[in-house]
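Undergrad: Can you keep this structure in mind? I'll have questions shortly.
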Amino acid sequence: MHAGFFQFNTAFGRKRENFEKVRAAARTASPGLLVLPEFFATGYQFISQDEVAELAEPVPRGETTEFLVSLSQERDLYIVAGLPERGGDMFYNSAVLTGPEGFIGSYRKTHLFLEENVFFMPGDSGFRVWDTKIGRIGIMICFDWFFPEAARTLALKGAEVIAHPSNLVLPYCPQSMPVRCLENRVYAVTANRIGREKRKEGPELSFIGQSQITSPRGEILVRAGTDDEILLASDLDLALARDKKLNQYNDLFRDRRPGLYTS
Ligand code: ACM
């Protein structure tokens, strides 16, 4: 699988402008998987429920998912990207998967961070994996990485690649994802944003960039800087992600002892 991310600075509330930035970047992408950040077209720091209601969209019949489907078809890409979702009267921090065949599925973020807890419902979709023409793709969003159960569940469900749209502000994730990948023998594509948001009183949010692709061997295959708008990609050998054997005696999944773990 050829897989990449586009790291950029989202302009808050200016969906069309953000779509155009993504469309321009995608012109340089080869067919395969492209991961975009969490809330890639809206920005992150909502300051009221009304603002969330104004920018959130139904999935799949909303302009953001429709834009992603058209871009997938134009560029022969599978795209995973984050957006605020309106589901009935509720709002979710979601990500969609689109491909040349159209809308494929969505995931609602399980572990909400900071004031997401004020404006969004904790996701109820559970962790999901899709068997696509280019490989088995699972999704988690940003802070989900802090809970090893998220990546583990995706790996146990057969994910070969974890697509990880993010808006990271804490410094730990870039050092931690190689371990998530090593302990589950999967690839991960973390697509983070850059820039700052201070839309109200209180500390400024500064997004740390450093989007990266990490391998089942715990290697960082590519990593962006802290402040560059860039599309980076790598070729992934998915056979490596399917092989859970460490040596003649140890198989990462077979050796698990769930009876001794606390759920
Ligand atoms: C985060 O979950 N956006 C840090």
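The values are calculated or read from the model by the stated rules, or taken from the named source; none is laboratory data. If you're wondering where the values come from, they're calculated on a predicted model, not measured in any experiment. Ideal geometry is used to build each Cβ from the backbone, glycine not excepted, and the neighbour counts take in all protein chains shown. Heavy atoms of the whole protein, side chains included, go into the accessibility calculation; ligands, DNA and RNA do not. Shrake-Rupley method; radii C 1.70, N 1.55, O 1.52, S 1.80 Å.
Undergrad: For region 85-96, indicate whether the set of residues that are part of a helix (DSSP H, G or I), more than 20 Å from residue 18 (Cα to Cα), out of contact with any Cys (no Cβ under 9 Å at 6 or more places or on another chain) and within 16 Å of the ligand (Cβ to nearest atom) is non-empty. Outline the logic, then answer.
TA: From region 85-96, those part of a helix (DSSP H, G or I) are none; that's our starting set.
Within region 85-96, not a single residue is part of a helix (DSSP H, G or I), more than 20 Å from residue 18 (Cα to Cα), out of contact with any Cys (no Cβ under 9 Å at 6 or more places or on another chain) and within 16 Å of the ligand (Cβ to nearest atom).
Undergrad: Taking the conditions exactly as written (modelled with pLDDT under 95 and either in contact with a Phe, Trp or Tyr (Cβ under 9 Å, 6 or more places away or on another chain) or closer than 20 Å to residue 147 by Cα (or both)), does residue 190 satisfy them or not? Step through it out loud before you land on a result.
TA: Details: modelled with pLDDT under 95: no; either in contact with a Phe, Trp or Tyr (Cβ under 9 Å, 6 or more places away or on another chain) or closer than 20 Å to residue 147 by Cα (or both): yes.
It is false that residue 190 is modelled with pLDDT under 95 and either in contact with a Phe, Trp or Tyr (Cβ under 9 Å, 6 or more places away or on another chain) or closer than 20 Å to residue 147 by Cα (or both).
Undergrad: Shifting gears a bit: Given the residues 69, 80, 52, which is the only one that is under 21 Å from residue 25 (Cα atoms), within 16 Å of the ligand (Cβ to nearest atom) and not small (Gly, Ala, Ser)?
TA: Answer to the check: 80.
Undergrad: Exactly one condition in (1) of a type outside the set (Ser, Thr, Tyr); (2) surrounded by 13 or more Cβ atoms within 10 Å (Cβ to Cβ); (3) out of contact with any strand residue (DSSP E or B) (no Cβ under 7 Å at 6 or more places or on another chain) is false for residue 254; which is it?
TA: The number of the failed condition is (2).
Undergrad: Within region 65-98, can you find the residues that are among the small types (Gly, Ala, Ser) and buried (at least 24 other Cβ atoms within 10 Å of the Cβ)? I'd like the intermediate steps shown before the answer.
TA: Initially, region 65-98 is screened for residues among the small types (Gly, Ala, Ser), giving 70, 72, 81-82, 87-88, 94-95.
81, 82, 94, 95, listed by residue number.
Undergrad: For region 23-39, indicate whether the set of residues that are in contact with a Pro (Cβ under 6 Å, 6 or more places away or on another chain), more than 16 Å from the ligand (Cβ to nearest atom), open to solvent by less than 50 Å² (accessible area, probe 1.4 Å) and closer than 21 Å to residue 138 by Cα is non-empty.
TA: Taking every residue of region 23-39 in turn, none turns out to be in contact with a Pro (Cβ under 6 Å, 6 or more places away or on another chain), more than 16 Å from the ligand (Cβ to nearest atom), open to solvent by less than 50 Å² (accessible area, probe 1.4 Å) and closer than 21 Å to residue 138 by Cα.
Undergrad: Also: Hey, residue 96 hits all of (1) over 15 Å from the mean Cα position of the chain (by Cα); (2) under 25 Å from residue 224 (Cα atoms) but one; which does it fall short on?
TA: Going through (1) over 15 Å from the mean Cα position of the chain (by Cα); (2) under 25 Å from residue 224 (Cα atoms) one by one, residue 96 breaks only (1).
Undergrad: Under 8 Å between Cβ atoms, which residue pairs at least 6 apart in sequence (or on different chains) link something in region 249-263 that is among the hydrophobic types (A, V, I, L, M, F, W, C) with a partner that is assigned to a loop (DSSP other than H, G, I, E, B) and surrounded by 10 or more Cβ atoms within 10 Å (Cβ to Cβ)?
TA: Note: pairs meeting the criteria are 252/185; 252/244; 252/246; 253/244.
Undergrad: Determine whether region 190-209 contains at least one residue that is away from the ligand (no atom under 16 Å from the Cβ), under 15 Å from the mean Cα position of the chain (by Cα) and among the hydrophobic types (A, V, I, L, M, F, W, C).
TA: no
Undergrad: Restricting the search to region 200-230, which residues are among the hydrophobic types (A, V, I, L, M, F, W, C) and closer than 17 Å to residue 187 by Cβ?
TA: Across region 200-230, the qualifying residues are 213, 220, 221, 222, 224.
Undergrad: Within region 31-50, identify whether any single residue is more than 17 Å from the chain's Cα centre (by Cα), at pLDDT 95 or above and at positive phi, and answer yes or no. Steps first, please.
TA: Step one: list which residues in region 31-50 are more than 17 Å from the chain's Cα centre (by Cα), which gives 31, 45-50.
After this cut, where a residue has to be at pLDDT 95 or above as well, the list is 31, 45-50.
With the extra rule that they be at positive phi, the set shrinks to none.
The answer is no, given that none of the residues of region 31-50 is more than 17 Å from the chain's Cα centre (by Cα), at pLDDT 95 or above and at positive phi.
Undergrad: Mind counting the residues in region 110-143 that are more than 14 Å from the ligand (Cβ to nearest atom), touching a helix residue (DSSP H, G or I) at 6+ places or on another chain (Cβ under 6 Å) and open to solvent by less than 20 Å² (accessible area, probe 1.4 Å)?
TA: 2
Undergrad: Follow-up question, since we're still on this one. For region 144-155, how many residues meet the condition of being within 12 Å of the ligand (Cβ to nearest atom) and either touching a residue at least 40 places away in the same chain (Cβ under 8 Å) or open to solvent by 10 Å² or more (accessible area, probe 1.4 Å) (or both)? Explain how you work it out, then say what you get.
TA: First pass over region 144-155, keeping only residues within 12 Å of the ligand (Cβ to nearest atom): 144-147, 150.
Narrowing further to those that are either touching a residue at least 40 places away in the same chain (Cβ under 8 Å) or open to solvent by 10 Å² or more (accessible area, probe 1.4 Å) (or both): 145-147, 150.
Final tally of qualifying residues: 4.
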